[in-house]
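For reference, the structure is listed below as structure tokens.
Only the coordinates and a few stated rules stand behind these numbers; no lab work does. Keep in mind the model is a prediction, meaning the values are calculated, not measured. Cβ placement follows ideal geometry from the backbone for every residue including glycine, while neighbour counts extend to all protein chains displayed.
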Amino acid sequence: MNWFSRLILICILVQSASAQSVVRSSETNKAVIWEPQLLLEFADDATPQPPPIPKEMIASLLLSDVKVLLEETLMDTIQAKFGGEVGARGDASESLRWLCVHGVDEVGPWVLWLESGEIDGPYIGGFQWRRLSGAATFDMRCASLPDTAKVVLPINLRLGTSREEVLNVLGKPTWQTANIFLYEHEHEETIRGEPYDSWNSVIIAIRNGVIEAIDVTKTTSN
């Protein structure tokens, strides 16, 4: 089944303590944040249906003074600007590369993973932005940003946005549970005379009535 026609069959909301993929320090036994982890699992036998979101939602973000365009900005460009190491896991279609950066705002710490799957090549094809507890500990490979660093999305959503405002901004989700909203958009376009499918997904995890995590993917393929 085509990736673009998959719908959710199994939804896993990963709570704050376990949603951040971690490694363990043998000395302190504290969770150390490094790898991103899926908010949702997709199943190949899910029943397809047209995604109801009428237009593309999030195809970029602003990280401090740098605009990151999904499918256009090189991972190496952002690493050269902000530092950190590029992580990798999996093989072939299951492979994932990421750059981990973290900062703090008036509410507390946050982490941003800029991600690249097999189809993205050297480019950034998605990201996950997550609120963390005040006790968060980061792997040395995850770059620390100055307190002035900000993440700004092209639509009026951010960490801490209320459930009600999410619905005002994006409308009814394609699929949802009590704590996760999935929004999907798909359209056809022509690039250099060839037909392509463009797919944009936004997954929002809600905790205590506000956004705890936002996961975005943009993929164009023929």
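Data overview
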item	result
Normalised contact order of region 51-120, rounded percent, pairs of Cα under 8 Å and 6 or more residues apart	21 percent
Three-way shape call for region 45-182 based on the alpha-carbon gyration tensor, with the a/c threshold at 1.5	oblate
Cβ-Cβ FRET estimate between ALA88 and GLU165, R0 fixed at 45 Å, reported to 0.05	0.80
